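Asks: One structure, pasted below without further comment.
Nothing in this text is a laboratory measurement; each read-out follows from the coordinates by a stated rule. Since this is a predicted model, take the numbers as computed values, not measurements. With ideal geometry, Cβ positions are generated from the backbone for all residues, glycine too; neighbour counts draw on all protein chains shown.
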Amino acid sequence: MTEPATLSTEPGGLPASRPWTRFTPIERAGRWLLLVILVAAVVLSIRHVEVIPEFLWDAPAQMQDLLTRMWPIDWAFYLDGVHQPLLETMHIASLGTAMSILLAVPLGILSAGNIVRSKPLNLVARLLLVASRSVNSLIWALLFVGVFGPGALAGTVAIAFRSIGFVGKLIGEALEECDTKPVEALQATGASPMTVLLKAYWPQLSPTFWSVALFRWDINVRESAVLGLVGAGGIGMALDSTMNLFQWDRVSLILASIFLIVLLAEVLVTAVRKRII
Amino acid sequence: MAPLAFERKPLVWLGWAIGLAYLLFAAAQLDITWARFILGLDNGAKFLGRMFPPAILQPDSMARGLLESLEISILASFLGVVLALPIGIFGARNLMPSWVTLPIRGLVAVCRSFHPVIVAIIFVKAVGFGAMAGILTLTVASIGFIGKLFTEAIEEISPKQVEAVRATGAPFVSLLTYGVFPQVMSRFVGFASYQVDSNLRNSTMVGIVGAGGIGGTLFSAFQRYDYDFVCAIVLAIVAMIMVGETGARWVRKILGVDARGSDD
């Protein structure tokens with residue numbers, strides 16, 4: 001982008017015959033085309049999407065109705081029906097994260113082009129990682145409820161499968177950015193591939209690894225709180241059953257407790273991140 | 001004693017041991033045992049057997065669902081971007097006094113703290129079943145994500161240009177357009193394109209609670225045990241999201257926006 005500017009000040013050259021423009025004609029055409037496509041997409045969507053305006057008008061009344069039903073919060077229900085599922089949710093998030101790390105590390109290594117020097121293998125690993133990320137955790141949960149039946153096991157495996165793509169991708173990228181000097185130094189001593197991984201790559205990888213793991217655990221606490229809606233265990237099951245029974249004062253209690261554990265998880269992650277990274 | 005090339009750290013090992021013990025405890029609490037896992041794999045084989053070959057049992061409802069998901073994500077991204085721009089500005093502590101930033105930051109925090117499915121449940125109650133609830137849900141999610149990151153981006157800008165523009169006596173709008181936007185616009189576009197991607201992923205899921213899109217079709221197929229149709233829908237979702245991810249990457253390329261970051 002600085003090229004036209006240097007041309008104009010070239011000693012002995014002609015005074016700038018070309019006016020300075022920020023973009024080349026092709027870049028400008030691309031931007032225009034993009035704008036047209038985006039506007040067209042929005043306009044077409046507005047015209048086509050099925051929205052019933054009458055439902056919008058009574059939304060405030062509906063919300064007011066909902067809030068009055070939710071208040072006062074049924075605190076007494078906490079010990080009976082919320083505490084245990086809440087703990088279960090945390091366990092699902094932690095176990096799911098651990099399982100995803102176990103599966104994601106090999107895939108991440110396979111996807112890193114500087115470690116596994118085989119384009120087809122890299123591609124397969126990347127495809128698996130993308131597939132894992134493309135399916136939403138609720139949809140994974142739906143599938144695993146079919147496999148394992150309703151319960152926490154389905155939720156844990158769903159969380160793990162959804163997280164593999166995220167963790168594996170970031171680990172693979174971090175591995176590709178590693179400095180090659182320690183690697184070559186160790187290889188020159190005749191170290192085995194495992195030693196190279198552990199002593200040359202791992203020390204460079206570990207800050208990224210821990211921050212990715214913590215970040216994903218934080219996300220997973222949020223996600224595992226809703227998996228129960230499709231029967232995959234945790235607090236979401238309690239949410240689902242209280243909603244089906246229209247016990248809105250208990251729903252508000254459950255929402256409040258989800259809010260609280262999400263907040264706690266975030267505070268915990270921030271504190272741990274400060275200490276170890 | 002000769003120093004070790006790689007020192008041993010007993011505390012680190014203790015940490016690993018405690019972590020492992022917790023995971024075992026959690027597995028025991030959840031009643032996750034090897035036997036159940038194996039039993040599940042047995043069921044899983046049956047389940048997979050019924051999923052393949054995938055079959056599109058109701059092409060109409062599948063096409064409508066996919067299109068509706070796409071529309072939900074486009075409109076929610078549009079609304080989210082339009083709303084997140086002022087919200088991001090009003091939340092920046094270097095531009096606004098604290099009586100403005102505090103409520104705005106609170107709003108963004110509330111938008112971020114609930115999972116889209118929970119927001120969707122509330123909106124389904126408020127505006128009824130259908131695409132509207134999905135659009136509103138993902139708009140809220142977009143405001144939470146773009147709003148937070150955009151505010152942080154504005155707070156990181158160099159104050160020099162802002163002060164220079166301010167010193168000329170320029171009004172606030174000129175301050176924004178000449179002092180602030182040139183420094184953050186490319187990051188804003190980057191956040192927005194990630195959010196489009198994320199909205200597309202989530203628009204396939206909000207249908208499970210009745211907020212429109214392919215999720216509803218998927219859930220009803222699942223409840224009817226039409227697992228081959230479920231498989232076809234999941235494959236279609238994966239394909240749509242991969243296309244969307246590629247599209248978002250193109251947009252970033254055309255606009256010359258920094259392409260690194262987490263696209264989750």
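Asks: Angle, helix A:248-276 long axis vs. longest principal axis of chain A, Cα atoms, 0 to 90°, nearest 10?
Replies: Long axis of A:248-276 versus the principal axis of chain A: about 40 degrees.
Asks: If you line up the Cα atoms of chain A on their principal axes, what length do they span on each, largest first, in Å?
Replies: On the principal axes, chain A reaches 85, 61, 37 Å in Cα extent.
Asks: I want to check the label-to-label distance for residue A:260 and residue A:206. Put each point 7 Å from Cα in the C-beta direction and report it in nm to one decimal.
Replies: 3.6 nm
Asks: Residue by residue through the range A:198-203, which ³J(HN,Hα) values in whole Hz follow from phi under the Karplus form 6.51 cos²θ - 1.76 cosθ + 1.60 (θ = phi - 60°), with glycine and proline marked x?
Replies: Each residue's phi maps through the Karplus curve to give 6, 9, 9, 7, 4, x Hz.
Asks: Count the lysine pairs in the protein assembly as shown whose Cα atoms lie under 29 Å apart, taking only pairs 8 or more positions apart in sequence or on different chains.
Replies: 19
Asks: Moving to a separate point now. Assuming 0.36 nm per residue, please report the length gained on full extension of the stretch residue B:102 to residue B:39 beyond their Cα-Cα distance. Please report the intermediate quantities before stating the final value.
Replies: Working: separation 63, 0.36 × 63 = 22.68 nm, distance 5.29 nm.
Between residue B:102 and residue B:39, full extension yields 17.4 nm more.
Asks: Determine the principal axes of the Cα atoms in the protein assembly as shown, then give the extent along each, sorted from largest to smallest and rounded to whole angstroms.
Replies: 83, 79, 51
Asks: Quick one: dipole size for the protein assembly as shown, taken about the Cα centre, charges +1 on Lys/Arg Cβ and -1 on Asp/Glu Cβ, in debye to the nearest 20. Please report the intermediate quantities before stating the final value.
Replies: Details: 40 positive and 37 negative charges, 206 e Å.
Once rounded to the nearest 20, the dipole reads 1000 debye.
Asks: Find the relative contact order for chain A and round it to a whole percent, using C-alpha pairs within less than 8 Å whose residues are 6+ positions apart. Please list the in-between numbers first.
Replies: On the way: 308 pairs, mean separation 63.8, N = 277.
For chain A, the relative contact order is 23 percent.
Asks: To two decimal places, what compactness ratio does the range A:186-244 give when its Cα radius of gyration is scaled by 2.2 N^0.38 Å?
Replies: On the way: Rg = 20.6 Å, N = 59, 2.2 N^0.38 = 10.4 Å.
Normalised by 2.2 N^0.38 Å, the Cα Rg of the range A:186-244 equals 1.98.
Asks: May I pose another question? Compute the signed sum of charges (Lys and Arg +1, Asp and Glu -1) over the other residues within less than 14 Å, Cβ to Cβ, of residue A:155.
Replies: -1
Asks: Mean Kyte-Doolittle of at least -0.5 plus a Cα span of 27 Å or more along the axis: flag which DSSP H helices in chain B meet both, please.
Replies: Values: long enough: B:10-29 (28 Å, 1.52); B:59-91 (46 Å, 1.30); B:131-155 (35 Å, 1.33); B:181-203 (32 Å, -0.20); B:227-255 (42 Å, 1.36).
The answer, listed by residue number, is B:10-29, B:59-91, B:131-155, B:181-203, B:227-255.
Asks: Could you give the dipole magnitude of chain B about its Cα centre, charging the beta-carbon of Lys and Arg +1 and that of Asp and Glu -1, in debye to the nearest 20? Could the numbers behind the result be given before it?
Replies: On the way: 20 positive and 17 negative charges, 77 e Å.
That gives chain B a dipole magnitude of about 360 debye.
Asks: Continuing with this model, one more query. What full-extension length gain, to one decimal in nm, is calculated for residue A:79 and residue A:124 as 0.36 nm per residue of separation minus the Cα-Cα distance? The partial results should precede the final answer.
Replies: Numbers: separation 45, 0.36 × 45 = 16.20 nm, distance 4.78 nm.
Extra length available between residue A:79 and residue A:124 comes to 11.4 nm.
Asks: Right, next: Sort out the exposed loop trypsin sites (Lys or Arg not before Pro) in chain B (DSSP loop, at most 10 other Cβ within 10 Å) and tell me the longest stretch that has none. Spell out each step's value before the answer.
Replies: Details: sites that count: B:8, B:260.
The segment B:9-259 is the longest one with no such site.
Asks: Comparing A:46, A:92, A:115, which has the greatest mean-square fluctuation in the GNM of chain A with Cα pairs linked when under 10 Å apart?
Replies: Per the Cα network of chain A with a 10 Å cutoff, A:46 tops the list.
Asks: Continuing with the same structure: Whole number please: convex hull volume per residue, Cα atoms of the range B:60-255, in Å³. Each step should come with its number before you reach the end.
Replies: Numbers: hull volume 22.8 nm³, N = 196.
Hull volume normalised by residue count: 116 Å³.
Asks: Continuing with the same structure: Which of the chymotrypsin sites (Phe, Trp or Tyr not before Pro) found in the range B:214-253 are loop residues per DSSP with 15 or fewer other Cβ atoms within 10 Å of their Cβ?
Replies: Passing sites in the range B:214-253 are B:225.
Asks: If contacts are Cα pairs under 8 angstrom and at least 6 residues apart, what is the relative contact order of the range B:60-255 in percent? Walk me through the intermediate numbers first.
Replies: Values: 257 pairs, mean separation 59.4, N = 196.
Worked out over the range B:60-255, it gives 30 percent.
Asks: How big is the range B:153-250 along each principal axis, measuring the range of its Cα positions in Å and listing the largest first?
Replies: 69, 26, 17
Asks: Mean-square fluctuation check for chain B, GNM, Cα pairs under 10 Å: which of B:31, B:228, B:42 is largest?
Replies: B:31
Asks: Could I ask something else about it? According to a simple spin-label model (label point 7 Å from Cα along Cα-to-Cβ), what is the distance in nm between residue A:50 and residue A:23?
Replies: Spacing of the two 7 Å Cα→Cβ label points: 3.8 nm.
Asks: For chain A, what does -39500 (n - 2.57) per DSSP helix run (n ≥ 4), summed and divided by total residues, give at 222 nm, in deg cm²/dmol to the nearest 500?
Replies: Working: 13 runs with 204 residues, N = 277.
That comes out to -24500 deg cm²/dmol.
Asks: Set Lys and Arg Cβ to +1 and Asp and Glu Cβ to -1, take the dipole of the range B:60-255 about its Cα centre, and tell me which of B:192, B:133, B:67 lies farthest positive.
Replies: So the residue furthest toward the plus end is B:192.
Asks: I would also like to ask the following. Compare the Cα positions of B:40, B:17, B:238 along the charge dipole of chain B (+1 at Cβ of Lys, Arg; -1 at Cβ of Asp, Glu; about the Cα centre) and return the one farthest towards the positive end.
Replies: It is B:17.
Asks: Longest exposed-loop-site-free stretch of chain A, with trypsin sites (Lys or Arg not before Pro), DSSP loop and at most 16 other Cβ within 10 Å?
Replies: Values: sites that count: A:22, A:117.
In chain A, the maximal stretch lacking such sites is A:118-277.
Asks: While we're looking at this one, here's another question. If you filter the range B:1-85 for GluC sites (Glu not before Pro), then keep DSSP loop positions with at most 13 other Cβ within 10 Å, what is left? Before the final figure, lay out the partial values.
Replies: Values: sites: B:7, B:68, B:71; in loops: B:7.
Of the GluC sites (Glu not before Pro), the ones in loops of the range B:1-85 whose Cβ has at most 13 other Cβ atoms within 10 Å are B:7.
Asks: Determine the calculated [θ] at 222 nm for chain B from helices alone, applying -39500 (n - 2.57) to every DSSP H run no shorter than 4 residues and normalising by the residue count; nearest 500 deg cm²/dmol.
Replies: Details: 10 runs with 195 residues, N = 264.
That calculation yields -25500 deg cm²/dmol at 222 nm.
Asks: Of the candidates B:55, B:84, B:211, which one comes out as most mobile in a Gaussian network treatment of chain B with C-alpha springs shorter than 10 Å?
Replies: Among B:55, B:84, B:211, the largest mean-square fluctuation in the Gaussian network model of chain B belongs to B:55.
Asks: Mind checking the angle between helix A:235-244 and chain A's longest principal axis? C-alpha axes, 0 to 90 degrees, to the nearest 10.
Replies: 50 degrees
Asks: On to the next question. With the alpha-carbon atoms as the only input, what is the per residue convex hull volume for the range A:64-142 in Å³?
Replies: On the way: hull volume 11.2 nm³, N = 79.
So the per-residue Cα hull volume is 142 Å³.
Asks: Express the Stokes-Einstein translational diffusion coefficient of the range B:1-99 in µm² s⁻¹, to the nearest whole number, given a Kirkwood radius over alpha-carbon pairs, 4 °C and a viscosity of 1.567 mPa s. Write down the numbers at each step before the final one.
Replies: Details: Rh = 21.3 Å.
Diffusion coefficient, whole number: 61 µm²/s.
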